[in-house]
Structure formats: structure tokens, C-alpha cells
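No lab work stands behind these numbers, since they all come straight from the coordinates. Computed from a prediction, not measured in an experiment: that's the story for all the values here. For neighbour counting, all protein chains shown are included, and Cβ atoms are generated from backbone atoms with ideal geometry for every residue, glycine included.
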Amino acid sequence: MVSDKNKFTFFGRNIMQKEDREVLKIRSRNIKSELKSDMWGAPQKFRDKMIVLRTTELAITDLEKYYKALDTAIMRYHSLKMEEINKIIRELWRNTYRGNDIETIEIRSDEDDSGIMKTRRNYNYRVVMIKGDTALDMRGRCSAGQKVLASLIIRLALAETFCLNCGILALDEPTTNLDRENIESLAFALVEIIKGRVHQKNFQLVIITHDEDFVELLGRSEYVDEFFKVRKDQSGYSQLVRARVGELHSR
């Protein structure tokens with residue numbers, strides 16, 4: 001026969017087991033409730049986010065490589081174009097300028113590190129005049145004629161370098177502030193440019209000037225026979241009149 005003590009122990013165990021089952025049921029319900037909430041599918045969500053994170057990291061690495069390659073290519077292109085522009089400037093200056101105080105001029109670029117955006121390169125461009133081994137900024141140190149001549153030569157060099165598919169260059173009153181010697185040199189340089197591009201169909205040079213002597217100098221070449229005069233008729237409307245360079249001497 002089972003003693004009272006054993007009965008009590010048996011019933012106590014049953015009660016504890018029932019309580020444990022109730023606790024397990026409650027815990028099971030809580031876990032199921034959590035699984036139905038935001039924690040549901042947490043492992044899969046974690047894997048998905050890890051894939052996104054890793055993909056983003058790889059994309060950032062690829063973009064950094066692309067930026068460095070592009071930056072190197074742009075820097076190389078910038079250097080090549082600056083060399084090309086300065087080469088043309090040297091040739092034009094030496095063929096045009098008749099003085100002996102300036103051997104040549106060139107454009108120099110200095111990188112500006114003061115910007116906030118370090119990923120964007122900024123350059124400060126300046127024109128220098130060179131005599132021997134000495135280079136000085138032209139700003140504030142050159143005459144008006146030298147300034148005009150340098151401006152024209154730089155424009156010609158830029159057009160020669162960048163305007164291959166749209167070779168239209170307009171010079172408005174190019175002889176302003178130039179003395180006679182430099183006017184003759186400029187006319188000679190323009191004729192040489194025309195001569196070198198006479199077979200290029202896309203090249204056009206438009207010169208707007210009141211200087212008939214300059215037109216006459218251009219007319220001495222075999223490339224300029226005619227020009228257009230702009231005048232007003234009796235009604236006050238502008239007209240274009242074709243004229244021959246030889247007519248400048250017949251008046």
C-alpha cells in the first residue's frame with residue numbers, strides 16, 4: 001500500500017508537471033505570437049539584408065575604381081589638350097608678334113585646393129609671357145596691343161583644338177589697339193591659318209572690321225578676293241553688298 005507521504009509526493013509531482021505544461025503552453029503561445037510579428041522570418045530577412053549590404057559594398061568599390069579611372073583619364077586628356085593648345089599658341093605667336101621682348105606666351109593651369117568638394121577638380125588658368133627662362137603673368141604687365149594679340153591667338157588656338165566639327169571662328173574688330181606692324185603680322189598669320197585649312201569644308205573664318213587696310217592686306221593672298229560691305233539703303237535698311245578687294249585701291 002502506498003503511504004500518505006508517497007501519495008503527497010505523487011500528487012505534488014503531478015501538480016508541478018501540470019504547471020510546467022501550462023508554462024510551456026504559455027511560452028509556446030508567446031513564441032508563436034512573436035513569430036507572427038516583426039520577428040517572423042528573421043533568418044531570411046537577415047540573409048536578404050546581408051545580400052543587399054554586400055552588394056552595396058561591392059558597388060561602392062566598383063564606383064571608387066571607376067572614379068579613379070575616370071579621373072586619371074580626364075587628367076590625361078586635360079594635359080594633352082593643354083600641350084596641344086600651347087603648341088599652337090607658340091607657333092602663332094612666333095609667326096605673328098614682331099617684337100623681341102616676349103619670345104612666346106602660354107596658358108598655365110593651377111589646381112585649386114580651396115574648394116569644399118575634394119572630389120571635384122577646379123583649375124585657375126592664367127596667361128604667362130616667356131623670355132628665356134623667365135615666365136611672368138601677362139595681366140598688368142603687357143600693352144594694350146599685346147593683350148589684344150594674345151587674346152586673338154588664344155581664341156584661334158582654342159578653335160583649332162576644340163572646334164573640329166564646328167569650325168566657325170568670328171573675329172570682331174581684331175585690329176583694335178594694334179599698331180601697323182602687328183596688324184601686318186596678324187593678317188599674315190590669318191592667311192597662313194586659311195592656307196592650312198583651305199581643304200577643310202567645315203572651316204569658316206568670319207572677320208568683322210572697319211579697317212580697310214587690314215582687308216587689303218588679307219586680299220594680297222590668293223585666298224581672299226571678295227568681301228561684303230554692310231550699308232544702309234535709302235529706307236534705312238541694312239544691305240550686304242559684295243565687293244572685290246581690288247576696288248579698295250580704285251577709289
Note, the range 92-98: 3J(HN,Hα) by Karplus (6.51, -1.76, 1.60, θ = phi - 60°), whole Hz, Gly/Pro = x, goes 5, 5, 5, 7, 10, 6, 9
Non-local residues with an amide H under 5 Å from the amide H of residue 104, with H modelled 1.01 Å from N and Pro and chain starts lacking one, are 130
Yeah, the range 96-200 with a ≥ b ≥ c from its alpha-carbon gyration tensor (a/c under 1.5 is rounded, else prolate when a/b outruns b/c, oblate otherwise) is oblate
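Can you tally the net charge around residue 138? Count Lys and Arg as +1, Asp and Glu as -1, for every other residue whose Cβ sits under 14 Å from the Cβ of residue 138.
That sum, taken over residues with Cβ under 14 Å, equals +2.
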Per the Cα gyration tensor, the range 122-165 corresponds to an equivalent ellipsoid with semi-axes, largest first in Å, of 22, 14, 11
Total charge of the residues flanking residue 168 in space, meaning their Cβ is under 14 Å from its Cβ, with Lys and Arg +1 and Asp and Glu -1, is +1
Rounded to the angstrom and largest first, Cα extents along the principal axes for the range 153-251 equal 44, 30, 26
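I need 208, 194, 89 ordered by Cβ neighbour count within 10 Å, fewest first. Working shown, then result.
Working: 208 10, 194 16, 89 23.
Ascending number of Cβ neighbours within 10 Å: 208, 194, 89.
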The long-range amide H neighbours of residue 171, using H built 1.01 Å from N in the peptide plane and a cut-off of under 5 Å, are 206, 207, 208
Between residue 221 and residue 242, the two model label points (7 Å from Cα along the beta-carbon direction) sit apart by a distance in nm of 2.1 nm
Between residue 23 and residue 66, Cβ-based FRET efficiency (R0 51 Å, step 0.05) works out to 0.30
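Mind giving me the FRET efficiency for residue 212 and residue 235? R0 is 22 Å, r the Cβ-Cβ distance, nearest 0.05 is fine.
Details: r = 26 Å, r/R0 = 1.17.
Once the sixth-power term is evaluated, E becomes 0.30.
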